[in-house]
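Below is one structure; the comments refer to it alone.
The values are calculated or read from the model by the stated rules, or taken from the named source; none is laboratory data. Everything numeric in this text was worked out from a predicted model, so none of it was measured. A quick note on method: Cβ atoms are made from the backbone with ideal geometry, for glycine too, and the neighbour counts reach across all protein chains shown.
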Amino acid sequence: MTSRIVIHVGMHKTATTHIQDTFYHNRRLLRQHGVTVPRIGACRGQHGLASAWINLPPPYGIRHPRRAWQTLARAHAARAGTLFVSSEELSRLFPARVDMAELRGLISAFDRVELICGLRSQGSFLQSVYQQISVERHPGPLTTFVDTALERGVVDGLALDYTALYRQFRTGFAASEIRLICYEDAVRHPGGIVGTFLDILGVPLRADQLQPFAQGRSNVSPMPLANLVANRVSAPNPARRDLVTLVQAHLEEGLPAKRRTTLFTRSELRRIARRFEAPNAQLSAMVQAVQPGFAIQPMRPAELLFRGQMPDTIWPAIAADLFRSAPEGANLWRG
C-alpha cells in the first residue's frame, strides 16, 4: 500500500488552468483510477493551499490553509492512491514565496512525494505573461517591459531564470522528488498537456476519454500581436476586449494563414535567447542526475511572424473600423 502526493506548481502560462479545469471536471473518473483531485475553496485549482505563504485575493485564498494541508495528509497519507494538487501560485517568487521546507514537512506522512513544474522557453513565457498582464492593466511600453525582465530575471514576480526557481524547490525537496517538464515537449504529446499529466499520474486513459471542460480550453490568450496593437491604441489605459477582438480580426485577414505571431522582433528574440542560454544550460546540468537530457526548448523563429513583418496597411484599416463602429461620443479603446 503506497500513498503518493503529486504537487503541480505551474508555472504560470503552461496550461495550468486547462489542467486544473479538466481534472477537476473529471474527478469522479480519475478517482476510479486511484487519483483524488480535492476541492479547496471556491476554485477548481487548489490555489487556496498556497495562501499559507502567499496573500491571495478572493476567491483564491482560504482561511486556515495550513490546516487544509494537514487535513489532506490525514485523509490520504495512510491509504493507497494518489492525491493531485495543482496551483501555479506555489512557484511564485515575489513578493512572497512558499516556504518549501515547511511544505515538505506538511506532506511528510506520504510514502511518495513528487513536485512537478512545467517550464517553457523564456521568449514564449515572457510573451504570455505580457498578455496576461494586459487583461488587468496596461503593461507599458514593450521595450521597457522586456528590458526590465531581462535585467532582473523575473517578470511580474515569476522566474525567468529557472535556476533560481529550482534552487527554491531544493530548499525543501530532494532532487529525486522534483520533476521538470518542458512545456513545448508536453504539448506535442499525442494527448497534449493533459495526456502528459495522465502519464505522470499513471492513469491508463487517453486525454480524449476525459470530458472537456467548457470548450476544452481554459485561459487562452488572443493573438499576441493583437494584444500589442490594442495596447498601443489604448495607452495608457488597458485595452478592452472588444478592441483586441477587432484588431485580431484585421490581423487574421491581413496576415498569412496559420502563422503564429509574436510580440517580438527577430533581434529581440535572439537577445532573450542569449540572456538565458547560460542559465538554461546550468539548469540542465543541475538536474542531469535525475533527468538526463532535460532541456528548455527555444522558440522557433522559422514558425513565427515577427512584429516588424506586420503590414502597414493594417493600421489605417483598424482606425477606419474603429471610427465606423463606435457610437457617437463613445471611446472604444478606453475603459
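Some values worked out for this structure:
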quantity: Some residue of the stretch 254-268 being assigned to a helix (DSSP H, G or I), at pLDDT below 85 and not hydrophobic (A, V, I, L, M, F, W, C); calculated: yes
quantity: Selected residue (criterion: surrounded by the most Cβ atoms within 10 Å (Cβ to Cβ)) from residues of the stretch 111-126 that are among the aliphatic types (A, V, I, L, M) and more than 26 Å from E303 (Cα to Cα); calculated: L115
quantity: Among (1) at pLDDT below 85; (2) in contact with a helix residue (DSSP H, G or I) (Cβ under 7 Å, 6 or more places away or on another chain) - the single one N331 does not satisfy; calculated: (2)
quantity: Residue list for the stretch 63-84, filter: in contact (Cβ under 8 Å) with a residue 12 or more places away in the chain and either buried (at least 18 other Cβ atoms within 10 Å of the Cβ) or among the aliphatic types (A, V, I, L, M) (or both); calculated: P65, A68, W69, L72, A73, H76, A77, A78, A80, T82, L83, F84
quantity: Selection within the stretch 156-191 - part of a helix (DSSP H, G or I) and closer than 30 Å to D208 by Cβ; calculated: Y183, E184, D185, A186
quantity: Filtered residue count, the stretch 154-201, keeping only those that are touching a His at 6+ places or on another chain (Cβ under 6 Å) and among the hydroxyl-bearing types (S, T, Y); calculated: 1
quantity: Top-ranked residue in the stretch 280-304 [being over 20 Å from A174 (Cα atoms) and surrounded by fewer than 17 Cβ atoms within 10 Å (Cβ to Cβ); ranked as farthest from the chain's Cα centre (by Cα)]; calculated: A302
quantity: Residue that is modelled with the lowest pLDDT [pool: residues in the stretch 238-253 that are over 22 Å from the mean Cα position of the chain (by Cα), among the hydrophobic types (A, V, I, L, M, F, W, C) and crowded, with 16+ Cβ neighbours inside 10 Å]; calculated: L251
quantity: Matching residues, the stretch 117-155, being without any contact (Cβ under 8 Å) to a residue 60 or more places away in the chain, within 16 Å of the chain's Cα centre (by Cα) and either over 25 Å from R240 (Cβ atoms) or part of a helix (DSSP H, G or I) (or both); calculated: I133
quantity: Index of the failed condition, D199 passing every other in (1) under 23 Å from C182 (Cα atoms); (2) assigned to a loop (DSSP other than H, G, I, E, B); calculated: (2)
quantity: So I5, is it surrounded by 20 or more Cβ atoms within 10 Å (Cβ to Cβ), farther than 19 Å from G195 by Cβ, of a type outside the set (K, R) and free of Cβ contacts under 8 Å to residues at least 40 places away in the same chain; calculated: no
quantity: Test: S284 is among the hydroxyl-bearing types (S, T, Y), more than 26 Å from T22 (Cβ to Cβ) and free of Cβ contacts under 8 Å to residues at least 24 places away in the same chain; calculated: yes
quantity: Matching helices (runs of 4 or more DSSP H) fully within the stretch 25-116 where at least 2 residues are polar (S, T, N, Q); calculated: 65-76
quantity: Pick from the stretch 264-301, criterion in contact with a Cys (Cβ under 9 Å, 6 or more places away or on another chain) and not aliphatic (A, V, I, L, M), ranking: farthest from V187 (Cα to Cα); calculated: F294
quantity: Top-ranked residue in the stretch 8-56 [being among the β-branched types (V, I, T) and closer than 14 Å to R92 by Cβ; ranked as surrounded by the fewest Cβ atoms within 10 Å (Cβ to Cβ)]; calculated: I54
quantity: Conditions (1) at pLDDT below 95; (2) surrounded by fewer than 18 Cβ atoms within 10 Å (Cβ to Cβ); number of the one not met by A175; calculated: (1)
quantity: Answer residue from the stretch 283-302, given it is in contact with a Phe, Trp or Tyr (Cβ under 9 Å, 6 or more places away or on another chain) and not in a loop (DSSP other than H, G, I, E, B) and is farthest from A317 (Cα to Cα) among those; calculated: M286
quantity: Subset of the stretch 220-237 that is β-branched (V, I, T) and closer than 21 Å to F145 by Cα - its residue that is modelled with the lowest pLDDT; calculated: V233
